[in-house]
Amino acid sequence: MTTPLNLKELSKKELRFTAGHRLCAGCAAPTVVKMILLAACDYPVVVASATGCLEVSSCISTYTAWKVPWIHNAFENAAATLSGVETMYRALKKQGKIDKDIKFIAISGDGGTYDIGFQSLSGAMERWHNMLYVCYDNGAYMNTGIQRSGATPTFADTTTCPAGSVIPGKPQHRKDLTRIMAAHGIPYVAQASPSHWPDLMKKVRKALEIEGPKFINVFTPCNRGWRTRTDDAILLSRLAVETCFWPLYEVENGVTRITVKPKEKKPITEFLKAQGRFKHLFEPGKEKLIEQIQEMVDKNWERLLKEEEMFAPKQETQ
Amino acid sequence: MTKIVAVTGNEAVANAFRQVEPDVCAAYPITPQTELMQRFAAFVSNGQVKTEMILVESEHSAMSACVGAAAAGGRVATATSSQGLALMWEILFIASGLRLPIVMPVVNRALSAPINIHCDHSDAMGARDSGWIQLWSENAQEAYDNTIQAFRIAEHMDIRLPVMVCYDGFIISHSIERIEYLDDEVVKNFVGEYKPLYPLLDVDNPKSYGPLILTDLYHEVRKAHSEVYKKVPQVVLEVAKEFEKISGRGYGLFESYRLEDAEIGIVILNSAAGTTKDVIDEYRDKGVKVGLLKPRLFRPFPYEEVGNALKHLKAVCVLDRADAFGGSFGPLYLDIAASLCNFKEKPILINRIYGLGGRDYMPEHAGQVIEELIEIAKTGKVKVLKEYIGVRE
Amino acid sequence: MIGWKDIPPGMVILEPGSALKIKTGSWRAAYRPKWIEENCIQCLLCWLYCPDNAVKVKDGKREDFDYDYCKGCGICALECPGKKGNKAIVMEEEVK
Amino acid sequence: MEKVEIRWHGRGGQGTVTAAKVFADACLSGGRYVQAFPEYGPERAGAPLRAYNRISSKELRMHCPVTNPDVVVVVDPSLIESIDVTEGAKEDAKFIINTSKEPAELRKKLNLKPTQKIYTVDATKIAIECFGRPMPNSPMVGALNRVTGLVDLETLLEDVRKSFGKKFSQKIIDGNLLAVKRGYEEVKEG
C-alpha cells in the first residue's frame, strides 16, 4: 500500500531525520530532507551525503539525526560512494543474501554537486546506477562561510566574490546543472522547491519508481548565506518559483514538462529585494544589473516554455 | 592439486581475484595495473565469478566506490598504480579510518614529474602512513600468495583494515614466471565466507558512517585506531601459518636470507631482493659473510623484530627504490634506522637509492654495495651516508 | 565523554536518531512560537515546514510545540494560514 | 645445463614477445623454472625490441635483463645492420638468425668467436609458405628448440596449439604448427 501524499497520513509516519541536528535555525535543508524521506516513506532507504552543512550538522560525535543507514565519505564523492553501496546491494541481492527492495538516495549541497563532486556525479549517472541524487542547492559554500560556487547566482554577494566598488558580486552565470544532468540522457531529472511540497514529493516518489539514475535539484534557502530573516526560507523558495528564477519542471525520458506554472510571473525584484546578498543591486545607478538578471530569467523561462512546447502532445491528436 | 603455470604477475593476481571472488570490484585503467583488471573483467564477462564491477571514471571514484561497497557489507577489491594511487590518497585515509577491509594490489610505478610508467616504489611509499596494511612481494608467486592472504588479514574481525599488496610494475607485473596456483576450492575455503561488520545494507539496524569528530573526541578516536595496528603482525603470522598448510610456502613478517651468521647485510624490497640473493650466494662462495633482509609486512612495520634480526651486523645498506625528496633519507632506510636506534650495539647504516623509474637493478649493483659494506665493516668509516647508485655522472 | 577504549571500530554510530539527545531548544534566543489552538485549521503545514521536528502531531492532529527542539526560527508562524486571517501561531518573546 | 639465458632481438609487432612466452611455457615441463619478459619502452610497431628468457632447473630469483646470453635469437635479419646482437654473449653462445643466407656468411658478418656457434633458418619464408604471413616467430621457436634441445618437439607443438587455440582459426593454428616443425627441421648449423 502506497501512503497517500497528504499531510495527515504522512504525519503518522516515522520521521527518519530527527530533531537534535545542529543546522541553523530556519535552515531549509532539514525540511527538504524531511520531505524526501517522507516521500520515500514506503521504502527502506540508504542515504549518502557529501561533506557540507547537512553532513556536519546531522552526524556529530556519537549523535546522528539519521534513522536510515547513512554514509558520509568525503566532499566530492557522494555519488561514487553511493554507487559502491548500490553495486554491493545488487551483488548481494543476486546472491540471495538480501531480498528487500532498498532505495538509494544521495543528498548533497551545491558545492559537492555542481563543483567538486561533479565528476563523481556525472560518472555515476553515466554508469546507470539505480540511485536518486538530490542536490540541496543554496547557491554557495555555506559550510565554509559563504564562498561562491558554480551554483551562486549572478551578482550575488559572497565572501570570495564580495560586492565591491568595481565588481558587483559574482560576475559569472550560474551553472545550469539541471539541464546538464538532463543532457546525460538519464531517465529522470527535475527541479523542485520545498514551498511546493506536493510537487517535490511527487517528483521524489516518481524518481524512486524509475529504474536507473535520477537527479533532482532542490532550491534550498540559507538565511545566513543570503542574509535574510530566519523565518522566510519557504517564502523565498515560493518567490523563486513565482518569479521563474527557479522553474519547477521535469525531464522524463527526454521529455520536458513544466510542473508548476506561476499564475502571474512576478518581477525578479520580488525575489531579490528580501535578500542581503543582493542588497547592493538596489543602490542608485545599479538598475542595469537588475535588468540583466531579469533578462536572464526571462530568457531561461522562454527557452523552457519552448522546450516544453516541442514535446507537448499535439492538440488534434488528443 | 596445485597447477604450475607460466604467467605474468598481473595474470597471477587476477587469478587470485577470480578464486577469491570479491562481491564488488572497482576498476580504473592505469599502466601497469591495467592488465590485471582487464583479465579480471574477462572473468566477470564470461560469468566465471559472481563479482559486480564498477568501471569508474577515476581512481578517486574507484576508492570512493570501494568505501561505499565495503561499508555496505561485502568483500571488495580494486587495484592501481602510481598517479592512480596518488589520486586516491584522500580516500585511502577514509577507507582505513572507517575500518573497511578493502584489498588493493598496487603495481609499483614511479610518480610524476617527469611522467614515467616504470617501476619504483614512490607510489606505495607515499601512501605508507595512510593506515593501510602493506604487504610487499618479490615475485609473481608472492604477489599471488599475498593477495589471497590479504583478504584474510583485512577481514579478520580484530583487524578490519584495508590492505595493499605491492609488487613491481613490469618487472613482475608484465614478466612471465613459473608459479603455482592453488586449487579454486582450496582458496575459497581458505578465505571463507565474508562476515560483515556493521553492514550499511542492514536497513533494520541503521548505522551512520563518517561522523564529524571535533576536538573533544578526535584524539581518542585516533588512539583507538592506532591500537588496532598492534594486533596486525600476530594476525599476519597466523594467516601465513594457515597458508603454509595449504601451499607449502612459508611467510613471515620479513624474509631473512643467510642473515644469522652474517657480518654485513642488505635490506631491500620486492623483485630486487631476488637478484641480490643470487649475488649474496656468489660472495658467500668467496667467504664473505653477507645476508639480506626483505621486509614483507611494511605497514605496520615490525620494528622490534627487524631490529633484532639486524642488530648483530657490522654494517647494513638499506636500498630504497624511492627517494624521499626534500632532503630526507629513503623511506625504507628511515624505518630500518628507527628499528635499530635503541640498541646499544648496532650496525653502521648507509642508504642507497636505486632503480628509479624502472632503471635496471643489476647484479653488479648488489656487488658494488657488498664491496662497500666490506670496507665499512673493516674500517668503521662511511664515505657517504646516502647516495644514488646506477646513475650516470 | 567516552575514552578511547570505548570507541567503536571506524567510529560507526550504531544508535539511529541519537541526535534526539541534543536538546536544541536551548538555542532559542529572542522568540518562541505560541500555538493558538482555536485558530488552528489542522493543515499541518507547520509540522511539515518545521526544520526541527518541533511540532508534535498525534494521530494526524496537531499538538503543542516541542520546545526541547524548537530553535525559534519562526517559519511556522510565517507560513501559518490561520483561520479567517487569524494566525494559529504567533512569535512571542522568549522567557527563560 | 642448469640455466639457459636467451636474448631475443625483434621488432614490435613481429610476435617476438609471444615467441618468448610460448617457449617459456613449453619449457615448464619437467619441473623447470622459467621467465619470459620483454624490455618495455615507448616503442610501437616496427621499433627494435629485446625480449628475454631464463630457463633453469633451479628457482629463478634474478629479476633483471639478460646481459650475458647463452643463446641469441635474431627474429628480424635487418637488425644486424643497426644493432650489435653479439653484445655480452657468452664465449660459447649460440646465435640463431632468421635469414636466407648460409651460416658461414653470417658468422663472418657477426664476427663470431670460434667458440661461438651460428645457426640460420629462413623463418620468414617458412612462415609465408605455411600460413601466408611474414611472421617469423613460429619457425624461430622451432629452431630455438632444436638448438637448445630443452623440450621435445611434441611438447612444444602441443604448447603452441594451446596458446594459439583460443584466438585463431584452425587454418592459422595448423599453419603455425607446421611452421614450428619446419623451423625445427630446417635450421642449419655452421
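For this structure, a couple of remarks:
- B:S247 passes every criterion in (1) in contact (Cβ under 8 Å) with a residue 24 or more places away in the chain; (2) in contact with a strand residue (DSSP E or B) (Cβ under 9 Å, 6 or more places away or on another chain); (3) more than 17 Å from B:V191 (Cβ to Cβ) apart from (3).
- Here the helices (runs of 4 or more DSSP H) wholly within the range A:155-265 that include at least 2 residues being under 20 Å from A:L5 (Cα atoms) and open to solvent by 50 Å² or more (accessible area, probe 1.4 Å) are A:197-209.
- The set of residues in the range B:250-293 that are more than 16 Å from B:V369 (Cα to Cα), within 14 Å of chain D (Cβ to nearest Cβ) and either among the basic types (K, R) or touching a residue at least 40 places away in the same chain (Cβ under 8 Å) (or both) comprises B:E255, B:R258, B:N270, B:S271.
- Scan of the range A:36-56 for residues that are within 8 Å of another protein chain (Cβ to nearest Cβ), more than 13 Å from A:F104 (Cβ to Cβ) and surrounded by fewer than 24 Cβ atoms within 10 Å (Cβ to Cβ), ordered by number: A:V56
- Tally of residues being open to solvent by less than 20 Å² (accessible area, probe 1.4 Å) and part of a strand (DSSP E or B) across the range C:33-86: 4
- Cβ-Cβ distances below 8 Å connect the following pairs, each with a first residue in the range C:77-96 that is under 19 Å from A:T230 (Cβ atoms) and in contact (Cβ under 8 Å) with a residue 12 or more places away in the chain, a second residue that is surrounded by fewer than 18 Cβ atoms within 10 Å (Cβ to Cβ) and among the polar types (S, T, N, Q), and a separation of six or more residues or different chains: C:K87/C:N39.
- If you go through the range D:160-188 and keep only what is open to solvent by 80 Å² or more (accessible area, probe 1.4 Å) and of a type in the set (A, V, I, L, M, F, W, C), you end up with D:F168, D:L178.
- Of residues in the range A:58-89 being of a type in the set (G, A, S) and within 7 Å of chain B (Cβ to nearest Cβ), the one surrounded by the fewest Cβ atoms within 10 Å (Cβ to Cβ): A:S61
- Qualifying residue in the range A:20-34 (condition: modelled with pLDDT of 95 or more, among the hydroxyl-bearing types (S, T, Y) and either part of a loop (DSSP other than H, G, I, E, B) or surrounded by fewer than 23 Cβ atoms within 10 Å (Cβ to Cβ) (or both)): no
Conditions (1) part of a strand (DSSP E or B); (2) of a type in the set (D, E, K, R); (3) not assigned by the TED database to the domain that holds B:G74, marked per residue:
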| site | (1), (2), (3) |
| --- | --- |
| B:R128 | no, yes, no |
| B:G131 | no, no, no |
| B:L135 | yes, no, no |
| B:Q141 | no, no, no |
| B:N146 | no, no, no |
| B:Q149 | no, no, no |
| B:L161 | no, no, no |
| B:V165 | yes, no, no |
| B:I171 | no, no, no |
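- The residue that is nearest to the other protein chains (Cβ to nearest Cβ), counting only those in the range B:185-218 that are polar (S, T, N, Q) and within 32 Å of the chain's Cα centre (by Cα), is B:S208.
- Considering residues of the range A:266-299 that are assigned to a helix (DSSP H, G or I) and polar (S, T, N, Q) only, the residue farthest from A:E242 (Cα to Cα): A:Q292
- Residue check for B:M164: in contact (Cβ under 8 Å) with a residue 40 or more places away in the chain and surrounded by fewer than 21 Cβ atoms within 10 Å (Cβ to Cβ): no
- When the range B:308-327 is limited to residues that are under 26 Å from B:E371 (Cβ atoms) and part of a loop (DSSP other than H, G, I, E, B), the one that is modelled with the lowest pLDDT turns out to be B:A324.
- So D:S78, is it surrounded by fewer than 21 Cβ atoms within 10 Å (Cβ to Cβ) and closer than 29 Å to B:E364 by Cα: no
- The set of residues in the range A:103-123 that are buried (at least 21 other Cβ atoms within 10 Å of the Cβ) and either without any contact (Cβ under 8 Å) to a residue 12 or more places away in the chain or within 8 Å of chain B (Cβ to nearest Cβ) (or both) comprises A:S120, A:G123.
- Candidate set from the range A:300-309 (those that are among the acidic types (D, E) and farther than 16 Å from A:F245 by Cβ); member that is surrounded by the fewest Cβ atoms within 10 Å (Cβ to Cβ): A:E309
- Failed item in (1) open to solvent by less than 50 Å² (accessible area, probe 1.4 Å); (2) under 30 Å from D:S169 (Cβ atoms); (3) in contact with a Ser or Thr (Cβ under 6 Å, 6 or more places away or on another chain); (4) more than 14 Å from chain B (Cβ to nearest Cβ), with D:L110 passing the rest: (2)
- Hey, D:I83 touching a Cys at 6+ places or on another chain (Cβ under 9 Å) and either within 20 Å of D:Y33 (Cβ to Cβ) or surrounded by fewer than 17 Cβ atoms within 10 Å (Cβ to Cβ) (or both) or not: no
- For the range D:135-157, the condition of being open to solvent by less than 50 Å² (accessible area, probe 1.4 Å), over 30 Å from D:G31 (Cβ atoms) and within 15 Å of the chain's Cα centre (by Cα) holds for at least one residue.
- Matching entry among B:A69, B:A86, B:A42 (being closer than 30 Å to B:I213 by Cα, more than 14 Å from chain A (Cβ to nearest Cβ) and either over 21 Å from the mean Cα position of the chain (by Cα) or open to solvent by 10 Å² or more (accessible area, probe 1.4 Å) (or both)): B:A86
- Residue satisfying all of: in the range B:167-206; in contact (Cβ under 8 Å) with a residue 60 or more places away in the chain and surrounded by fewer than 18 Cβ atoms within 10 Å (Cβ to Cβ); nearest to C:S18 (Cα to Cα) among these: B:D202
- A:T144 fulfils the conditions (1) in contact with a helix residue (DSSP H, G or I) (Cβ under 6 Å, 6 or more places away or on another chain); (2) hydroxyl-bearing (S, T, Y); (3) open to solvent by 10 Å² or more (accessible area, probe 1.4 Å) except for a single criterion, (1).
- Where D:V34 falls short, out of the listed (1) open to solvent by less than 10 Å² (accessible area, probe 1.4 Å); (2) farther than 26 Å from B:R109 by Cα: (2)
- Check on A:K8, among the basic types (K, R), under 19 Å from the mean Cα position of the chain (by Cα) and not in a loop (DSSP other than H, G, I, E, B): no
- Residue within the range B:99-119 that is within 19 Å of the chain's Cα centre (by Cα) and in a helix (DSSP H, G or I) present: no
- Here B:V221 meets each of (1) more than 8 Å from every other protein chain (Cβ to nearest Cβ); (2) under 30 Å from A:W66 (Cβ atoms) with one exception, condition (1).
- Residue match in the range D:37-44 (condition: modelled with pLDDT under 95, more than 9 Å from chain B (Cβ to nearest Cβ) and outside any loop (DSSP other than H, G, I, E, B)): no
The values are calculated or read from the model by the stated rules, or taken from the named source; none is laboratory data. Source: prediction; values computed, not measured. Cβ: placed from backbone, ideal geometry, glycine included. Neighbour counts: every protein chain shown. Areas reflect the complete protein model, heavy atoms only, side chains present, ligands, DNA and RNA absent. Shrake-Rupley method; radii C 1.70, N 1.55, O 1.52, S 1.80 Å.
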